[in-house]
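The values are calculated or read from the model by the stated rules, or taken from the named source; none is laboratory data. Remember, it's a predicted structure, so these values are computed and weren't measured experimentally. FYI the Cβ positions are ideal-geometry reconstructions off the backbone, even for glycines, and counts take in every protein chain you see. Only protein heavy atoms, including side chains, enter the accessible area calculation; ligands, DNA and RNA are left aside. Shrake-Rupley method; radii C 1.70, N 1.55, O 1.52, S 1.80 Å.
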Amino acid sequence: MSQPDCHALLARLNDAVIGKAEPIRLVVAALLAGGHVLLEDVPGVGKTLLARTLAGALGGGWKRVQCSPDLLPGDVTGVNVFHPGSGEFRFVPGPLFAHVLLVDEVNRASPRTQASLLEAMEEGNVTLEGVTHHLPRPFLVIATQNPVEHHGTFPLPEAQLDRFAVAVNLGYPTPDEELHLLQREAAAAPHPPTAAPLLTPERLLEWQAAVRGVTLEASLQRWIVEVASRSRQPGQAALGISPRGSLVWQRISQALAWLDGRAFATPDDVRLAAAPVLAHRLVLAGRQGSAARRERVEALLREVGVPD
């Protein structure tokens, strides 16, 4: 059911970032589900490389924003510029107007600039001075952040985090993977050629439509709802899973099934999607980190149990 060029996309990403097949599969699943991706991990493990490789594989153009505290909303969305000859203001689009926007170190941008992404990520529009400007379709934000460094950073608020379909951690490579990385780097050409895009925006829209056609049985939908409902009960979390989180959980499960060439999702698909979709949406007492949130998701899955 999945397409050969989708397998080629996975192969290119796995060739770029060695030993991260499962996180890469989740990132591609988010792409197929029409969702945005947050790559959250320590420096130097390949977050930006993965994002840049994925963006380059998608034809139609991509832009990059390097976040810093002095970055302004207009630097991302665009601004109205006055033209003396016509006496009119004209909109000059910012880097947001691309099929893929790579937002590097998103937590270094100010809250005001972070908020400028909200409408775009949810509705695919930018409204400036009462005028709505439509973004290209498909539109994908791939953001990276380092969760362990706090100097000069602004934690993403819950409303912003909820816009990301998945939050993916890459983790450190194994010694063998790191050795392979060193050997490949030593043998690489000084200026390797830029790889050509693997698919067009129109092709990606076709894939996304096919993913929406994957069947998710009612028992699995009830499982999703029961886990989300339990997360909202007193004592489970300060802030539980939103209905948006439940919808995204279903879509990512469908996308994982489609990647495996199936027209139906299984409990394994739903379980695999759970932590990447849900953990960053939970707020625990004491603002605990991602590891604790993932453990809470796994506990919720055990408490509810897999449907028969």
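Net charge dipole, the range 155-308: roughly 600 debye, given to the nearest 20, about the Cα centre with Cβ charges of +1 for Lys and Arg and -1 for Asp and Glu. Radius of gyration over Kirkwood radius for the chain, both on Cα atoms: the Rg/Rh ratio is 0.98. FRET efficiency for the pair residue 5 and residue 244, taken as 1/(1 + (r/R0)^6) with r the Cβ-Cβ distance and R0 = 25 Å, rounds to 0.25.
Summary of packing: across the peptides 242-252, 33-43, the per-residue average of other C-beta atoms within 10 Å ranks them, highest first, as 33-43, 242-252.
Size of the range 194-263 from its Cα atoms: along the principal axes, largest to smallest, the extents are 51, 30, 17 Å. Given Cα pairs under 8 Å that are at least 6 residues apart, what percent is the relative contact order of the chain? That works out to 22 percent.
Using C-alpha pairs under 8 Å with a sequence gap of at least 6, the mean separation divided by the residue count of the range 203-261 gives a relative contact order of 41 percent. Kirkwood-type hydrodynamic radius, the range 35-165: 15.3 Å, calculated from all non-identical alpha-carbon pairs.
On the protein heavy atoms, probe 1.4 angstrom, tell me the percent of accessible surface of the range 221-301 carried by carbon and sulfur. Within the range 221-301, the accessible surface is 52 percent carbon and sulfur. Take the Cα of residue 15, step 7 Å toward its Cβ, do the same at residue 161, and the gap between the two points is 3.7 nm. Each residue, residue 129 and residue 42, gets one label point 7 Å from its Cα in the Cβ direction; the gap between the two is 4.8 nm. Remark: the range 1-97 carries a charge dipole of roughly 160 debye about the Cα centre, counting +1 on each Lys and Arg Cβ and -1 on each Asp and Glu Cβ.
With N the number of residues in the range 253-295, Rg(Cα) / (2.2 N^0.38 Å) evaluates to 1.44. Using only alpha-carbon positions in the range 208-308, the gyration tensor eigenvalues give semi-axes of 25, 13, 11 Å once each is multiplied by 5 and square-rooted (largest first). Excluding ligands, DNA and RNA, the accessible surface per residue across the range 186-308 is 51 Å² with a 1.4 Å probe. Could you please state, rounded to a whole Å, how far the C-alpha centre of the range 238-308 is from the C-alpha centre of the range 75-135? Cα centroid of the range 238-308 versus Cα centroid of the range 75-135: 32 Å apart.
Projected label points at residue 219 and residue 303, each 7 Å from Cα along the beta carbon direction, are separated by 2.3 nanometres. Here the chain carries DSSP beta bridges of which approximately 35% are antiparallel, counting only pairs with both residues inside.
For residue 264, the amide hydrogen comes within under 5 Å of the amide hydrogens of 215, counting only partners 5 or more places away or on other chains and with H modelled in the peptide plane.
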